[in-house]
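This report concerns only the one structure given below.
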Amino acid sequence: MASNHQIPKHVWVYVGSFILYLGVLLARNAKSLGRIPADPGYSYIQDGAGQGIRSLLYGDPYYHIAARAVAWVVSWFPLSTHAILLTTLTLFVWANCGLTVLHVVRLETKSLLFGMISGLVLITAPHAAESGFTVGNLKWPLLGSLLIGSASRRALSRTTKSTTCLMVVTGFTNPLTVICLVPLTMHLLRPKINQSLTFRLSGACLLIFSLQLLKVGGFGGHSTKVTMPWNGMGLFWWSGLLGPVIVAVLTLIVLIIQYFFKRGLDEFPTVLSVTAVLLASASYQMGGIADRYFFTPMAMSTLAALLTLRSLDIHIHLRQALWVLAAISLLIPTVKWFSTSWYMTSGPTWKSEVDRVRELCTADSDQVVSLAISPDGTTELACSYVLRE
């Protein structure tokens, strides 16, 4: 007889998936674990060390609580460990975002395997290799997991408390959380939805966005941004700029065709596709052509396409051929842009720089020393800070 305290199978799958996600993320960042990228640099940790929990409320220019919370925790540890701890904790949050996607898709499809694969879509997002794994860009996997959860009526109704918590954390980290209003509004247009819950979440989203606007004093995006393609712009940039919109629009076309044949609309991938297009458009408007705006809408539109492919009522051989094509289309860019790029792997390691300036500070403890951070940036620290441990 089975024990009453037997752990459900899906719990073990979740644990195993989390370990898998974290392992994949560590493999992607193997060459950059010991380095601190120039953006956002070391300032978050320095603020955390100097101001403690109050640093979570600092603007950049908006609230960036998740990233600053990670940096604050890192500041508790010895200086030489800060780079590797900062990246590891950042990847820990990434892995939890993948787990959130797994859970949402499992609720929608009732398939643990497909849920696990869906989490991998976010974890292995090719365009994240440029700078997506910096602590400053934690706002994007958080937003992606929240938007995917908001697109699912089942997830909203069965994970109300966790979705609300995720919305609060993400809202005070990324102003574009306001895009959650799109899937929430789309749900209101469909029957059998908890309107009270949807209105509460919408109200919370609007309130947090208003507080972000007050913090910034307006919201116009970056003042300096690249908005036009440049000569020699490679496949990485073209695919990141156009890929999410193309995949989402093609998915919507397939869903509309299927609607006329089946007399029903597959709501989850439809909402995902629409939201992915709006997120890509809003990101471009806010910051132009930049890699950090690519991977979240790309992961969302890819997931929508896979969900649509899974639901197609077509001949089994055609379905198999399409799955093979989809697998190849995903594997090629994933392998090509698996490991972190030069931006996160160039320059000396943080530990070697700390060891170097400690020798300088030992000789003269009143000076201010400069540490190199990748790719070509520097950060200045007082010797009293360097020697404090």
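General remarks:
- With helices as the sole contributors, the chain gives -20500 deg cm²/dmol at 222 nm; each DSSP H run of n ≥ 4 counts as -39500 (n - 2.57), and the sum is divided by every residue.
- Convex hull volume of the chain per residue (C-alpha atoms, cubic angstrom): 175
- Once the chain from Tyr259 to Trp323 is taken as fully extended at 0.36 nm per residue, the excess over their C-alpha distance is 20.9 nm.
- Of interest is the spacing of the C-alpha centroids, which for segment 87-157 and segment 20-56 amounts to 19 Å.
- Taking label points 7 Å from Cα along the Cα-to-Cβ direction, Asp376 and Gln195 give a separation of 5.9 nm.
- Prolate/oblate/rounded call for segment 153-306, Cα gyration tensor, a/c under 1.5 rounded: oblate
- Restricting the calculation to Cα atoms, segment 347-386 shows an Rg/Rh of 0.97 when the hydrodynamic-style radius is the Kirkwood one.
- Working from label points 7 Å from Cα in the Cα-to-Cβ sense, the Val216 to Val15 distance is 4.2 nm.
- Look at the dipole of the chain built from charges on Cβ: of Pro61, Ser152, Leu278, the Cα furthest out on the positive end belongs to Ser152.
- For segment 126-162, the residues whose amide N sits under 12 Å from a probe point set 7 Å from the Cα of Val168 along the beta carbon direction are 161-162.
- Taking the average, over residues, of other Cβ atoms within 10 Å as the packing measure, peptides 143-151, 112-120 rank 143-151, 112-120 from highest down.
- Whether segment 83-166 is rounded, prolate or oblate, judged on the alpha carbon gyration tensor where a/c under 1.5 counts as rounded: prolate
- Bridge type composition, the chain - antiparallel percent by DSSP, nearest 5: 90
- Ellipsoid semi-axes in whole angstrom, largest first, where each is sqrt(5λ) of the Cα gyration tensor of segment 243-389: 51, 17, 11
- Dipole of the chain [Lys/Arg +1, Asp/Glu -1 at C-beta], most positive-end residue of Asn231, Ser346, Ser311: Ser311
- As a calculated quantity, the FRET efficiency between Leu235 and Ser281 at R0 = 25 Å, using C-beta atoms, amounts to about 0.70.
- Virtual spin-label span in nm between Arg158 and Lys336, 7 Å along Cα→Cβ: 3.7
FYI, it's all coordinate maths here, none of it is from the lab. None of the values given here were measured: they were computed from a predicted structure. Heads up, the Cβs are rebuilt from the backbone with ideal geometry, glycines too, and the neighbour counts pull from every protein chain shown.
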